[in-house]
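Contents: one structure, followed by commentary.
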Amino acid sequence: MSSKRTTYTQARETLLERITEELKRDERFVAAWLAGSFGRGEQRWHSDLDLHVVVADAYSESLCAMPWPHGARTTDERLALFKQFGTPGIIFEAHGNNLLGGTFTHVVYQESAQNVDWMLIPQANAYQERPSLVLFDKVGIPEPPPAQPESQEELVVHASDNIGSFWMIADESVKDLLDGNLVNFHMLLLWIEENIREVRAALGGERAPYVGHSDLPVCATQQEQVAILRRLCDEMEELMPQVAALGGYLPSSPRTLVEKRLSLLE
(Lines give C-alpha, C1' and ligand atoms only; values in the text may rest on other atoms or scores of the structure.)
Protein backbone atom coordinates (compact mmCIF):
# COMPACT_ATOMS: atom_id res chain seq x y z
CA MET A 1 0.00 0.00 0.00
CA SER A 2 1.32 3.46 -0.90
CA SER A 3 2.21 5.96 1.82
CA LYS A 4 -0.77 8.16 0.87
CA ARG A 5 -3.15 5.24 1.18
CA THR A 6 -1.63 4.25 4.50
CA THR A 7 -2.00 7.81 5.77
CA TYR A 8 -5.62 7.91 4.61
CA THR A 9 -6.45 4.61 6.32
CA GLN A 10 -4.74 5.68 9.55
CA ALA A 11 -6.68 8.95 9.52
CA ARG A 12 -9.93 7.02 9.22
CA GLU A 13 -8.97 4.75 12.12
CA THR A 14 -8.07 7.75 14.25
CA LEU A 15 -11.33 9.48 13.40
CA LEU A 16 -13.36 6.36 14.22
CA GLU A 17 -11.61 5.93 17.57
CA ARG A 18 -12.30 9.56 18.45
CA ILE A 19 -15.95 9.36 17.41
CA THR A 20 -16.43 6.14 19.37
CA GLU A 21 -14.87 7.46 22.56
CA GLU A 22 -16.64 10.84 22.50
CA LEU A 23 -20.06 9.42 21.70
CA LYS A 24 -19.64 6.73 24.34
CA ARG A 25 -19.05 9.42 26.98
CA ASP A 26 -21.98 11.54 25.77
CA GLU A 27 -25.26 10.88 27.62
CA ARG A 28 -27.24 11.71 24.46
CA PHE A 29 -26.09 8.51 22.75
CA VAL A 30 -26.71 4.97 23.95
CA ALA A 31 -25.29 2.78 21.17
CA ALA A 32 -23.42 2.93 17.89
CA TRP A 33 -22.37 0.52 15.19
CA LEU A 34 -20.94 0.44 11.69
CA ALA A 35 -22.96 -1.04 8.87
CA GLY A 36 -22.00 -1.17 5.19
CA SER A 37 -18.64 -2.67 4.25
CA PHE A 38 -17.33 -2.57 7.84
CA GLY A 39 -20.45 -4.32 9.07
CA ARG A 40 -19.97 -7.06 6.49
CA GLY A 41 -16.22 -7.30 7.15
CA GLU A 42 -15.51 -6.30 3.53
CA GLN A 43 -13.99 -2.85 4.08
CA ARG A 44 -11.21 -1.59 1.84
CA TRP A 45 -8.54 1.01 2.44
CA HIS A 46 -10.80 3.74 1.04
CA SER A 47 -14.10 2.57 2.59
CA ASP A 48 -16.39 5.15 4.17
CA LEU A 49 -17.86 4.94 7.66
CA ASP A 50 -21.56 4.04 7.68
CA LEU A 51 -22.16 5.12 11.25
CA HIS A 52 -25.44 4.31 13.01
CA VAL A 53 -25.92 6.13 16.31
CA VAL A 54 -28.85 5.51 18.68
CA VAL A 55 -30.07 8.71 20.33
CA ALA A 56 -31.53 8.48 23.85
CA ASP A 57 -35.25 9.21 23.97
CA ALA A 58 -34.77 12.43 25.92
CA TYR A 59 -32.72 13.92 23.06
CA SER A 60 -34.11 12.23 19.96
CA GLU A 61 -36.81 14.79 19.14
CA SER A 62 -34.25 17.57 18.68
CA LEU A 63 -31.28 15.62 17.28
CA CYS A 64 -33.46 13.58 14.89
CA ALA A 65 -35.58 16.53 13.74
CA MET A 66 -36.37 16.43 10.01
CA PRO A 67 -37.48 19.89 8.87
CA TRP A 68 -36.72 18.76 5.28
CA PRO A 69 -36.58 15.30 3.69
CA HIS A 70 -33.32 15.98 1.86
CA GLY A 71 -30.97 18.82 1.00
CA ALA A 72 -27.44 20.19 1.21
CA ARG A 73 -27.84 21.38 4.81
CA THR A 74 -28.44 20.12 8.33
CA THR A 75 -29.88 21.43 11.58
CA ASP A 76 -27.79 23.54 13.91
CA GLU A 77 -27.82 20.82 16.56
CA ARG A 78 -26.61 18.09 14.19
CA LEU A 79 -24.01 20.45 12.73
CA ALA A 80 -22.61 21.06 16.20
CA LEU A 81 -22.31 17.30 16.67
CA PHE A 82 -20.53 16.79 13.35
CA LYS A 83 -18.16 19.70 14.04
CA GLN A 84 -16.87 17.93 17.14
CA PHE A 85 -14.82 15.75 14.79
CA GLY A 86 -13.65 18.19 12.14
CA THR A 87 -14.83 20.75 9.62
CA PRO A 88 -17.63 19.48 7.39
CA GLY A 89 -16.72 20.36 3.79
CA ILE A 90 -19.64 18.54 2.19
CA ILE A 91 -23.02 17.97 3.80
CA PHE A 92 -26.06 16.36 2.24
CA GLU A 93 -29.10 14.94 3.99
CA ALA A 94 -31.33 12.18 2.59
CA HIS A 95 -33.36 10.84 5.49
CA GLY A 96 -35.05 8.19 3.36
CA ASN A 97 -31.72 6.32 3.45
CA ASN A 98 -32.19 5.63 7.17
CA LEU A 99 -34.37 2.54 7.17
CA LEU A 100 -34.86 2.60 10.94
CA GLY A 101 -36.70 5.89 10.88
CA GLY A 102 -34.11 8.49 11.79
CA THR A 103 -31.89 10.95 9.96
CA PHE A 104 -29.17 10.47 7.36
CA THR A 105 -26.41 13.03 6.83
CA HIS A 106 -23.52 12.52 4.42
CA VAL A 107 -20.51 14.39 5.81
CA VAL A 108 -17.04 14.74 4.29
CA TYR A 109 -14.45 16.35 6.56
CA GLN A 110 -12.10 19.00 5.21
CA GLU A 111 -9.03 17.98 7.17
CA SER A 112 -8.81 14.33 6.08
CA ALA A 113 -11.33 13.90 3.22
CA GLN A 114 -12.96 11.20 5.36
CA ASN A 115 -16.62 10.45 4.65
CA VAL A 116 -18.93 9.59 7.54
CA ASP A 117 -22.56 8.79 6.79
CA TRP A 118 -24.19 9.75 10.07
CA MET A 119 -27.45 7.91 10.73
CA LEU A 120 -29.11 9.08 13.94
CA ILE A 121 -31.82 6.71 15.19
CA PRO A 122 -34.31 7.45 17.97
CA GLN A 123 -33.92 4.86 20.72
CA ALA A 124 -37.62 3.98 20.48
CA ASN A 125 -37.06 2.83 16.85
CA ALA A 126 -33.72 1.12 17.26
CA TYR A 127 -32.83 -2.52 16.89
CA GLN A 128 -29.49 -4.14 16.24
CA GLU A 129 -28.91 -4.38 12.52
CA ARG A 130 -27.26 -7.42 10.95
CA PRO A 131 -24.57 -7.55 9.81
CA SER A 132 -22.90 -4.77 11.75
CA LEU A 133 -19.81 -3.95 13.80
CA VAL A 134 -20.86 -2.76 17.28
CA LEU A 135 -18.82 0.15 18.64
CA PHE A 136 -20.62 0.42 21.98
CA ASP A 137 -24.00 -0.44 23.50
CA LYS A 138 -24.95 1.01 26.88
CA VAL A 139 -28.53 -0.25 27.05
CA GLY A 140 -28.71 -3.55 25.18
CA ILE A 141 -30.30 -2.66 21.85
CA PRO A 142 -32.83 -5.37 21.00
CA GLU A 143 -32.35 -7.92 18.27
CA PRO A 144 -34.11 -7.24 14.96
CA PRO A 145 -37.63 -8.62 14.57
CA PRO A 146 -37.61 -12.06 12.95
CA ALA A 147 -37.90 -11.89 9.20
CA GLN A 148 -40.99 -13.48 7.78
CA PRO A 149 -39.95 -16.18 5.31
CA GLU A 150 -41.28 -15.69 1.82
CA SER A 151 -43.41 -18.39 0.25
CA GLN A 152 -42.20 -20.24 -2.80
CA GLU A 153 -44.91 -18.48 -4.79
CA GLU A 154 -43.56 -15.07 -3.74
CA LEU A 155 -40.00 -16.07 -4.61
CA VAL A 156 -41.08 -17.38 -8.02
CA VAL A 157 -42.86 -14.08 -8.71
CA HIS A 158 -39.69 -12.23 -7.63
CA ALA A 159 -37.55 -14.39 -9.92
CA SER A 160 -39.95 -13.95 -12.82
CA ASP A 161 -39.99 -10.18 -12.41
CA ASN A 162 -36.19 -10.08 -12.40
CA ILE A 163 -36.06 -12.19 -15.55
CA GLY A 164 -38.41 -9.78 -17.29
CA SER A 165 -36.39 -6.82 -16.04
CA PHE A 166 -33.16 -8.46 -17.24
CA TRP A 167 -34.33 -8.82 -20.82
CA MET A 168 -35.85 -5.36 -20.95
CA ILE A 169 -32.59 -3.78 -19.76
CA ALA A 170 -30.40 -6.07 -21.91
CA ASP A 171 -32.38 -4.98 -24.94
CA GLU A 172 -32.04 -1.32 -23.95
CA SER A 173 -28.29 -1.71 -23.43
CA VAL A 174 -27.83 -2.52 -27.12
CA LYS A 175 -29.34 0.87 -27.95
CA ASP A 176 -26.55 2.43 -25.90
CA LEU A 177 -24.00 0.50 -27.95
CA LEU A 178 -25.64 1.74 -31.13
CA ASP A 179 -25.45 5.33 -29.80
CA GLY A 180 -21.90 4.93 -28.50
CA ASN A 181 -23.13 5.69 -24.96
CA LEU A 182 -20.65 3.44 -23.21
CA VAL A 183 -21.05 4.93 -19.74
CA ASN A 184 -24.75 4.07 -19.70
CA PHE A 185 -24.07 0.67 -21.29
CA HIS A 186 -21.76 -0.33 -18.44
CA MET A 187 -24.24 0.97 -15.86
CA LEU A 188 -26.96 -1.23 -17.38
CA LEU A 189 -24.61 -4.21 -17.20
CA LEU A 190 -24.51 -3.73 -13.42
CA TRP A 191 -28.30 -3.73 -13.31
CA ILE A 192 -28.68 -6.96 -15.25
CA GLU A 193 -25.90 -8.57 -13.21
CA GLU A 194 -28.06 -7.77 -10.15
CA ASN A 195 -31.07 -9.37 -11.88
CA ILE A 196 -29.07 -12.59 -12.25
CA ARG A 197 -28.10 -12.54 -8.56
CA GLU A 198 -31.72 -12.04 -7.55
CA VAL A 199 -32.92 -14.98 -9.68
CA ARG A 200 -30.19 -17.28 -8.34
CA ALA A 201 -31.02 -16.34 -4.77
CA ALA A 202 -34.77 -16.82 -5.30
CA LEU A 203 -34.13 -20.30 -6.67
CA GLY A 204 -32.23 -20.96 -3.45
CA GLY A 205 -35.19 -19.83 -1.36
CA GLU A 206 -34.01 -16.34 -0.35
CA ARG A 207 -33.37 -12.77 -1.45
CA ALA A 208 -29.96 -11.79 -2.74
CA PRO A 209 -27.71 -10.09 -0.15
CA TYR A 210 -26.32 -6.65 -0.88
CA VAL A 211 -23.12 -6.69 -2.95
CA GLY A 212 -21.03 -3.54 -2.87
CA HIS A 213 -18.89 -4.20 -5.92
CA SER A 214 -18.88 -5.93 -9.28
CA ASP A 215 -16.31 -8.11 -10.99
CA LEU A 216 -17.55 -7.14 -14.46
CA PRO A 217 -14.77 -5.67 -16.59
CA VAL A 218 -14.80 -2.30 -18.31
CA CYS A 219 -14.94 -3.23 -21.98
CA ALA A 220 -13.02 -0.92 -24.32
CA THR A 221 -13.86 -2.50 -27.67
CA GLN A 222 -17.19 -3.27 -29.26
CA GLN A 223 -16.20 -6.92 -29.51
CA GLU A 224 -15.64 -7.05 -25.73
CA GLN A 225 -18.89 -5.19 -25.06
CA VAL A 226 -20.95 -7.60 -27.14
CA ALA A 227 -19.17 -10.58 -25.58
CA ILE A 228 -19.90 -9.53 -21.99
CA LEU A 229 -23.54 -8.85 -22.79
CA ARG A 230 -23.88 -12.26 -24.44
CA ARG A 231 -22.20 -13.91 -21.48
CA LEU A 232 -24.74 -12.40 -19.10
CA CYS A 233 -27.57 -13.46 -21.43
CA ASP A 234 -26.18 -17.01 -21.38
CA GLU A 235 -26.20 -17.00 -17.57
CA MET A 236 -29.80 -15.86 -17.46
CA GLU A 237 -30.90 -18.40 -20.05
CA GLU A 238 -29.42 -21.17 -17.90
CA LEU A 239 -31.63 -20.08 -14.98
CA MET A 240 -34.88 -19.60 -16.84
CA PRO A 241 -35.90 -23.29 -17.19
CA GLN A 242 -35.66 -23.70 -13.41
CA VAL A 243 -38.01 -20.75 -12.86
CA ALA A 244 -40.37 -22.05 -15.55
CA ALA A 245 -40.46 -25.47 -13.85
CA LEU A 246 -41.67 -23.76 -10.66
CA GLY A 247 -44.50 -22.06 -12.50
CA GLY A 248 -42.83 -18.74 -13.27
CA TYR A 249 -43.90 -16.49 -16.12
CA LEU A 250 -41.20 -15.79 -18.72
CA PRO A 251 -40.92 -13.78 -21.93
CA SER A 252 -41.28 -16.02 -24.98
CA SER A 253 -38.13 -15.36 -27.03
CA PRO A 254 -36.14 -12.50 -25.48
CA ARG A 255 -32.70 -13.64 -26.61
CA THR A 256 -33.79 -13.59 -30.24
CA LEU A 257 -34.80 -9.95 -29.92
CA VAL A 258 -31.53 -8.98 -28.25
CA GLU A 259 -29.59 -10.71 -31.02
CA LYS A 260 -31.63 -8.86 -33.66
CA ARG A 261 -30.59 -5.59 -32.11
CA LEU A 262 -26.96 -6.73 -31.87
CA SER A 263 -27.00 -7.51 -35.59
CA LEU A 264 -27.53 -3.78 -36.22
CA LEU A 265 -23.99 -3.21 -34.99
CA GLU A 266 -22.57 -5.08 -37.98
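Yes or no: Ile141 open to solvent by less than 40 Å² (accessible area, probe 1.4 Å), more than 22 Å from the chain's Cα centre (by Cα), touching a residue at least 24 places away in the same chain (Cβ under 8 Å) and more than 26 Å from Ala202 (Cα to Cα)? Walk me through how you get there before you give the answer.
On the way: open to solvent by less than 40 Å² (accessible area, probe 1.4 Å): yes; more than 22 Å from the chain's Cα centre (by Cα): yes; touching a residue at least 24 places away in the same chain (Cβ under 8 Å): yes; more than 26 Å from Ala202 (Cα to Cα): yes.
Judged against the criteria, Ile141 is a match.
Within the stretch 124-132, is there a residue that is of a type in the set (Gly, Ala, Ser) and in contact with a Ser or Thr (Cβ under 8 Å, 6 or more places away or on another chain)?
From the stretch 124-132, those of a type in the set (Gly, Ala, Ser) are 124, 126, 132; that's our starting set.
Still in the running and in contact with a Ser or Thr (Cβ under 8 Å, 6 or more places away or on another chain): 124.
Yes.
Would a scan of the stretch 236-254 turn up a residue that is within 28 Å of the chain's Cα centre (by Cα), among the β-branched types (Val, Ile, Thr) and part of a loop (DSSP other than H, G, I, E, B)?
Scanning the stretch 236-254 turns up no residue that is within 28 Å of the chain's Cα centre (by Cα), among the β-branched types (Val, Ile, Thr) and part of a loop (DSSP other than H, G, I, E, B).
List the pairs whose first member sits in the stretch 165-176 and is without any contact (Cβ under 8 Å) to a residue 12 or more places away in the chain, whose second member is open to solvent by 30 Å² or more (accessible area, probe 1.4 Å) and part of a helix (DSSP H, G or I), and whose Cβ atoms are under 9 Å apart, counting only residues at least 6 apart or on separate chains?
Close Cβ pairs satisfying both conditions: none exist.
In the stretch 96-131, how many are assigned to a loop (DSSP other than H, G, I, E, B) and closer than 15 Å to Leu16 by Cβ? Steps first, please.
Taking the stretch 96-131 first, the residues assigned to a loop (DSSP other than H, G, I, E, B) are 98-102, 110-114, 126-131.
With the extra rule that they be closer than 15 Å to Leu16 by Cβ, the set shrinks to 111-114.
The total comes to 4.
Pick from Leu135, Leu216, Leu189: which is touching a residue at least 24 places away in the same chain (Cβ under 8 Å) and over 18 Å from the mean Cα position of the chain (by Cα)? Spell out the reasoning first.
Numbers: Leu216 fails: over 18 Å from the mean Cα position of the chain (by Cα); Leu189 fails: over 18 Å from the mean Cα position of the chain (by Cα).
The match here is Leu135.
So which residues in the stretch 63-86 are assigned to a helix (DSSP H, G or I), in contact with a strand residue (DSSP E or B) (Cβ under 9 Å, 6 or more places away or on another chain) and open to solvent by 30 Å² or more (accessible area, probe 1.4 Å)? Break it down into steps so the answer makes sense when it comes.
Start the filter on the stretch 63-86 by keeping residues that are assigned to a helix (DSSP H, G or I), which leaves 63, 76-83.
Pick out the ones that are also in contact with a strand residue (DSSP E or B) (Cβ under 9 Å, 6 or more places away or on another chain) and you get 63, 78-79, 81-82.
Leu79, the sole residue that qualifies.
Please determine, by comparing only the residues of the stretch 87-104 that are polar (S, T, N, Q) and closer than 21 Å to Arg12 by Cβ, which one is least open to solvent (accessible area, probe 1.4 Å).
Initial filter on the stretch 87-104 (polar (S, T, N, Q)): 87, 97-98, 103.
Filter once more, keeping what is closer than 21 Å to Arg12 by Cβ: 87, 97.
Details: Thr87: 69, Asn97: 87 Å².
Checked the stretch 87-104; the qualifying residue least open to solvent (accessible area, probe 1.4 Å) is Thr87.
Scan the stretch 205-212 and give yes if some residue there is part of a helix (DSSP H, G or I) and surrounded by 12 or more Cβ atoms within 10 Å (Cβ to Cβ), otherwise no.
Our first condition is that a residue be part of a helix (DSSP H, G or I); within the stretch 205-212, this holds for none.
No, the conditions are met nowhere in the stretch 205-212.
Being among the hydroxyl-bearing types (Ser, Thr, Tyr) and modelled with pLDDT under 95 is the filter here, so list the residues in the stretch 10-57 that pass it. Don't jump to the end; show me each part of the working.
Narrowing the stretch 10-57 to residues among the hydroxyl-bearing types (Ser, Thr, Tyr): 14, 20, 37, 47.
If the condition is that a residue be among the hydroxyl-bearing types (Ser, Thr, Tyr) and modelled with pLDDT under 95, then Ser37, Ser47 are the ones that fit.
In the stretch 1-60, which residue that is open to solvent by less than 60 Å² (accessible area, probe 1.4 Å), of a type in the set (A, V, I, L, M) and in a loop (DSSP other than H, G, I, E, B) is farthest from Ser112 (Cα to Cα)?
Among those residues, the one meeting the criterion is Ala56.
Looking at the stretch 71-114 only, could you name the residues that are free of Cβ contacts under 8 Å to residues at least 60 places away in the same chain and hydroxyl-bearing (Ser, Thr, Tyr)?
Thr74, Thr75, Thr87, Thr103, Thr105
Take the stretch 177-203 and flag every residue that is surrounded by fewer than 18 Cβ atoms within 10 Å (Cβ to Cβ) and in contact with a helix residue (DSSP H, G or I) (Cβ under 6 Å, 6 or more places away or on another chain).
Result: Asn184, Trp191, Leu203.
The values are calculated or read from the model by the stated rules, or taken from the named source; none is laboratory data. Bear in mind that the values here come from a model prediction, so they are computed numbers and not experimental data. Glycine gets a Cβ as well: all are built from the backbone with ideal geometry, and neighbour counts include every protein chain shown. Each accessible area value is taken on the protein alone, full model and side chains, heavy atoms only, with ligands, DNA and RNA left out. Shrake-Rupley method; radii C 1.70, N 1.55, O 1.52, S 1.80 Å.
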